[in-house]
Amino acid sequence: MDALRDKVVVITGAGRGQGLEELRKVVAEGGIPVAVDLDLGEEARSLAALSHQGDVSDAQLWTDIAGGIGREHGQLHGLVNNAGIGARTPPSWTSPPRPGGGPWT
């Protein structure tokens, strides 16, 4: 399909997992991907037309992204807002008691 042919799409969280798959999909559909992540891997960097490594909560990062898109491609057509807060350790909270007692299943 060419649904994204020549469309500029920013993908946050593009360094791995779902974000990397979305980056691959944009490429496969003829789009112009802009990869953003805290830790961009080599594959993401090689697939992306533009790449930016940084924290998506940083306003300056977005200023840089917008400037790069404006200079290189003129405008943005889409955003895949995939970046999230993830822990590499189990969460510190526990589930609330189940109404009526007993374990959650």
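The values are calculated or read from the model by the stated rules, or taken from the named source; none is laboratory data. Since the structure is predicted, the reported quantities are computational estimates derived from the model, not experimental observations. Neighbour counts are summed over all protein chains in view; Cβ atoms, including those assigned to glycine, are modelled from backbone coordinates with ideal geometry. All accessible areas refer to the heavy atoms of the entire protein, side chains included, with ligands and DNA or RNA removed. Shrake-Rupley method; radii C 1.70, N 1.55, O 1.52, S 1.80 Å.
Please go through (1) within 14 Å of the chain's Cα centre (by Cα); (2) surrounded by 15 or more Cβ atoms within 10 Å (Cβ to Cβ) for residue 4 and return the number of the only condition it doesn't satisfy. Status for residue 4: all satisfied but (1). Criterion first (open to solvent by 70 Å² or more (accessible area, probe 1.4 Å) and either in a loop (DSSP other than H, G, I, E, B) or in contact with a Leu (Cβ under 8 Å, 6 or more places away or on another chain) (or both)) does residue 57 satisfy it? So residue 57 fits the description; yes. Restricting attention to the range 7-16 and to residues that are open to solvent by less than 40 Å² (accessible area, probe 1.4 Å) and in contact (Cβ under 8 Å) with a residue 60 or more places away in the chain, the residue that is farthest from the chain's Cα centre (by Cα) turns out to be 8. Scanning the range 17-42 for residues that are open to solvent by 10 Å² or more (accessible area, probe 1.4 Å), more than 9 Å from the chain's Cα centre (by Cα) and either more than 19 Å from residue 66 (Cα to Cα) or among the β-branched types (Val, Ile, Thr) (or both) yields a count of 12. For the range 28-44, a residue qualifies if it is in contact with a Gly (Cβ under 6 Å, 6 or more places away or on another chain), outside any strand (DSSP E or B) and of a type in the set (D, E, K, R), and exactly one does: 39.
Would you point out the residue of the range 3-56, among those that are of a type outside the set (A, V, I, L, M, F, W, C) and in contact with a helix residue (DSSP H, G or I) (Cβ under 6 Å, 6 or more places away or on another chain), that is farthest from residue 75 (Cα to Cα)? Here the answer is 15.
Within the range 43-88, if we keep just the residues that are polar (S, T, N, Q) and touching a strand residue (DSSP E or B) at 6+ places or on another chain (Cβ under 9 Å), the residue that is farthest from residue 6 (Cα to Cα) turns out to be 53.
Scanning the range 7-27 for residues that are assigned to a helix (DSSP H, G or I) and within 12 Å of residue 47 (Cβ to Cβ) returns 19, 20, 21, 22, 23, 24, 25, 26, 27.
For the residues 51, 95, 57, the requirement of being modelled with pLDDT of 95 or more and hydroxyl-bearing (Ser, Thr, Tyr) singles out 51.
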